[in-house]
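A.B. asks: Right, I'll just put the structure down here and ask away after.
The values are calculated or read from the model by the stated rules, or taken from the named source; none is laboratory data. Just so it is clear, the model here is predicted, and its values are computed rather than measured. Positions of Cβ are backbone-derived with ideal geometry, glycine not excepted, and every protein chain shown enters the neighbour counts. Accessible surface is based on the protein model in full, side chains and every heavy atom, while ligands, DNA and RNA are left aside. Shrake-Rupley method; radii C 1.70, N 1.55, O 1.52, S 1.80 Å.
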Amino acid sequence: MIRAALLLAMLSLVLRMPPLRESAALQAPVGSPATEARSGPGEPQPFTLGVLRRDGIVIPFASFDGKRWSAPWPEEIQFTELPISIDAIAGKWWGKAGRPGELTIWSNGARQGTLRLTGPAVLPIMCVRRLALYSTYQPPEPPPRPTVQPYLKDGLVISGSQPIAPIEIVPRTSPLWSSTAVSLVEPFDDAETRAIKSFTDWKHPVARAARRRLPVELETLYRAPMDTPGWTAYHVEAVKQYQPGKDDDDCGLVTYASGWLLAGPGGEHRIALGAQVSYCDRRDNTFMLPLGLIEQGGRSYWVYQVSGYEREGYAISRLLPKENQIQARYTAGTCAR
């Protein structure tokens, strides 16, 4: 059966995002979000960064020492002696900034007050346990059940005075949606073809010529200014959906693609797009949730979550015209296959 063959092939498939390349097909105009992060005067100060869940639990996942990012907070805790209090937490887990007092809450580019950490928490995320922290945060709405995955986030928390700007969610009513979808036709076809060729014992039942005629459906479009003058970074997620075959149980194939579109002055554009072929349940896809934009020392950093049915993680990226420099990443949870 086609479905069985594809699922078996996917178990051994690992797709990697291709390097940024120039793309003459990309026509999306350059836009500037309404708000940009601006760091204050003086030398950059170290700080600790964490995600804030709706239930008030904080997961510290990154540290900035004034020049470089790191992810010192422990991931694997199976063989780790767990602290019984905030004071018992190893100093190296906080990074250079040290144990924070108050943390500032940022959501959608707005400061939402402060909180204090009250004690360690052992948290189930996907199929693993992670060390997290209880806090004094009181959510504006009742939190969902702990079994909800990925769990709702109410923003970021950060030590010190570093502001966090929003990453713009481009509305569906924007002309950018239609122009970007058209611009993705060729890059999407290339990424889909690479994904299909990565399988060793499976072929797509729809010929490439027929696949090319199917429209690209844009699902998300985010953007923020880069620290390279005149450049804007866009993150896109898009799909092509195919009619179910006779053996597909009314769940047809879906090609999901995501990546970065970088637009510069003079119409210069570059793109990095990766694709994955799955079924309509899309259990193997991961989706990006932008959490904020940090500017430090003249450099802009995207802070975002990447999650799916069986994985959740957080990352910090600096986008340059020719590369995506991932500064730090933290694996919050996975499920082994």
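A.B. asks: Identify the GluC sites (Glu not before Pro) of segment 62-139 meeting these criteria: DSSP loop state and at most 16 other C-beta atoms within 10 Å of the C-beta. Provide the component values of the computation, followed by the final result.
C.D. replies: Working: sites: 75, 76, 81, 102; in loops: 75, 76, 81.
Loop-located and lightly packed - 75, 76, 81.
A.B. asks: Could you report the accessible area of residue 239 in Å², rounded to 10, computed with a 1.4 Å probe on the protein chains as they sit in the structure?
C.D. replies: Rounded to the nearest 10, that gives 0 Å².
A.B. asks: How do 255, 118 stack up against each other in accessible area, from largest to smallest, with a 1.4 angstrom probe? Numbers along the way, then the final one.
C.D. replies: Values: 255 0, 118 85 Å².
The ranking, largest first, comes out as 118, 255.
A.B. asks: Helix 2-11 versus the longest principal axis of the chain: what is the Cα-based angle in degrees, 0 to 90, to the nearest 10?
C.D. replies: Once rounded, one gets 40 degrees.
A.B. asks: Helix 185-197: angle to the longest alpha-carbon principal axis of the chain, degrees 0 to 90, nearest 10?
C.D. replies: 90
A.B. asks: Measure off 7 Å from each Cα along the Cα-to-Cβ vector at residue 299 and residue 268, then give the distance between these two points in nanometres to one decimal.
C.D. replies: For residue 299 paired with residue 268, the spin-label model returns 2.0 nm.
A.B. asks: Now for a separate question. So how exposed is residue 322, as accessible area in Å² (1.4 Å probe, rounded to 10)?
C.D. replies: 150
A.B. asks: Set the Förster radius R0 to 51 Å, insert the Cβ-Cβ distance between residue 227 and residue 251 as r into 1/(1 + (r/R0)^6), and round the FRET efficiency to 0.05.
C.D. replies: 0.75
A.B. asks: For residue 168, list long-range residues whose amide hydrogen, built 1.01 Å from N in the peptide plane, is under 5 Å from its own amide hydrogen.
C.D. replies: It is 223, by chain and number.
A.B. asks: Under a 1.4 Å probe, what is the accessible area of the chain per residue, stated in Å²? Don't jump to the answer; show the numbers that get you there.
C.D. replies: Numbers: 16200 Å² over 337 residues.
Per residue, the chain has 48 Å² of solvent-accessible surface.
A.B. asks: By how many nm would the segment from residue 282 to residue 68 grow when fully extended, if each residue of separation counts as 0.36 nm and the alpha-carbon distance is taken off?
C.D. replies: On the way: separation 214, 0.36 × 214 = 77.04 nm, distance 3.56 nm.
Additional length available on full extension: 73.5 nm.
A.B. asks: Also: Along the Cα→Cβ direction, 7 angstrom out, place labels at residue 102 and residue 185. What is the inter-label distance in nm?
C.D. replies: Rounded to a tenth, the inter-label distance reads 5.6 nm.
A.B. asks: Of all trypsin sites (Lys or Arg not before Pro) in segment 238-291, which ones are in loop regions per DSSP and have a Cβ with at most 14 other Cβ atoms within 10 Å?
C.D. replies: Working: sites: 240, 246, 270, 282, 283; in loops: 246, 282, 283.
Filter output for segment 238-291: 246, 283.
A.B. asks: Follow-up question, since we're still on this one. Rank these residues by their accessible area, most exposed first, probe 1.4 Å: 335, 127. Provide the component values of the computation, followed by the final result.
C.D. replies: Working: 335 30, 127 90 Å².
Putting 335, 127 in descending order of accessible area: 127, 335.
A.B. asks: Taking square-rooted eigenvalues a ≥ b ≥ c of the alpha carbon gyration tensor, is segment 124-250 rounded, prolate or oblate, where a/c under 1.5 means rounded and, failing that, a/b exceeding b/c means prolate?
C.D. replies: On the way: a/c = 2.42, a/b = 1.46, b/c = 1.65.
Oblate is the answer for segment 124-250, as a/c is 1.5 or above yet b/c matches or exceeds a/b.
A.B. asks: Also: For the charge dipole of the chain, defined by +1 on Lys and Arg C-beta atoms and -1 on Asp and Glu C-beta atoms about the Cα centroid, which residue among 210, 200, 103 has the Cα displaced farthest towards the positive pole?
C.D. replies: Going by the charge dipole, the pick is 200.
A.B. asks: What's the carbon and sulfur percent of segment 157-309's accessible surface, probe 1.4 angstrom, rounded to a whole number?
C.D. replies: Details: 3140 of 6080 Å².
Roughly 52 percent, rounded to a whole number.
A.B. asks: Which stretch or stretches of segment 157-192 have amide N atoms under 20 Å from the point lying 7 Å from residue 136's Cα along the Cα→Cβ direction?
C.D. replies: 157-162
A.B. asks: Follow-up question, since we're still on this one. From the P(r) of segment 44-121, can you give the percent of Cα pairs sitting at distances over 19 Å?
C.D. replies: Values: 1146 of 3003 pairs.
When all Cα pairs of segment 44-121 are counted, 38 percent exceed 19 Å.
A.B. asks: Could you work out how far apart the two model spin labels at residue 129 and residue 148 are, taking each label as a point 7 Å from the Cα in the direction of the beta carbon, and quote it in nm?
C.D. replies: 2.4
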